[in-house]
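Below is one structure, written out as structure tokens; the observations come after it.
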Amino acid sequence: MKTRAITAFFFTIVMLGSMFLGPYVFSVFYLLLSLGALLEFFKLIKTAGIRPHRNIALIAATLIFLMTAGYHVLKFETKFLLLLVPLIFSVFISELYKKEKIPFANISYTFVGFMYVTVPFCFFYSLGFIGHATEYSFHLPLAFMLMLWANDTGAYLFGSKFGKTRLFERHSPKKSWEGFFGGIFTSLVVAYVLSIFFTELPIWAWGGMAILISSFGTLGDLVESMLKRSLNAKDSGNILPGHGGFLDRFDGLLIAAPVVYAYLYLILY
């Protein structure tokens, strides 16, 4: 518990610092974080005998994130995304020269890595610019993380105290409906406090954001549990002492961020 608390403290400081120090630090930090999470995903699935195209995937993921950052920060045109086309199809071509028994499994999991890890991090990153055109604001990324952390904390506390009805026992035996609703309640409290200080959204919109983060964040946790159980893995990695890997820490973000971005985009535009 002590190791877990120390890791959480320092990593939280780094994450908050990346948001407060402006768009360039924010961009670099989340690019590196997304690449670290993608590497963890590929390392996990290799235990099942699948060999994804890791190097091509990392180059493509870097380009996807840099194009997203360039669009927001440097005002790149979206036509530069066409640079991804040869990289995407090189995955199929390079598999021709390998002697693998399951070539299309290798190809498929390469693209699953993009969809499961890289794309959600790009959506989360874009929260820093939504509603502000190309002007960066830390309010929405910070609010997202605070609500997500509040949900996790509330779910743990309420689940430990009152949890009796299992939420999804097949994938996560410890989660309960009581903890789930406790997480929503805690996240809503944080949303209310945020609405006092951050005025770009009305209070009902902050509440909707909290409910989406709690609901889809929980589903993200369950999806990652499903992945690890299918591979007989306890943690996605060990880079964060006491917490496991990046995927273990950001599993809720991976499912919630695209949904929350779509929700806010529809509200603000």
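The values are calculated or read from the model by the stated rules, or taken from the named source; none is laboratory data. All of these numbers come straight from a predicted model, not from anything done at the bench. As a convention, Cβ positions derive from the backbone with ideal geometry for all residues, glycine included, and neighbour counts pool all protein chains shown. Heads up: the accessible areas ignore ligands, DNA and RNA and are worked out on the full protein's heavy atoms, side chains in. Shrake-Rupley method; radii C 1.70, N 1.55, O 1.52, S 1.80 Å.
Points to keep in mind about this one:
- The chain, helix-only ellipticity at 222 nm - DSSP H runs n ≥ 4, -39,500 (n - 2.57), divided by all residues, nearest 500: -23500 deg cm²/dmol
- Computed over protein heavy atoms with a 1.4 Å probe, the accessible surface of segment 1-268 works out to 52 Å² per residue.
- Within the listed set I56, I184, I64, the residue fluctuating most in the Gaussian network model of the chain (springs between alpha-carbon atoms under 10 angstrom) is I56.
- Of the residues F104, T165, A150, the one whose Cα sits farthest toward the positive end of the charge dipole of segment 41-195, with +1 on the Cβ of Lys and Arg and -1 on the Cβ of Asp and Glu, is F104.
- Within the accessible area of the chain, the carbon and sulfur atoms contribute 69%, probe 1.4 Å, all protein chains present.
- For segment 1-90, the set of trypsin sites (Lys or Arg not before Pro) satisfying both a DSSP loop assignment and a count of at most 14 other C-beta atoms within 10 Å is given as K75.
- Largest GNM mean-square fluctuation among F123, F181, F65, using the chain with Cα springs under 10 Å: F181.
- Note on Y265 and V189: the extension gain reaches 25.1 nm, defined as 0.36 nm multiplied by sequence separation minus the Cα-Cα distance.
- For trypsin sites (Lys or Arg not before Pro), the sites in segment 111-199 that DSSP calls loop and that have at most 14 other Cβ atoms within 10 Å are K164, R170.
- Listed by number, the DSSP H helices of the chain that run 15 Å or longer by alpha-carbon position along their axis and have mean Kyte hydropathy of at least 0.0 are 2-20, 23-46, 54-69, 84-95, 103-113, 139-162, 177-197, 203-230, 246-268.
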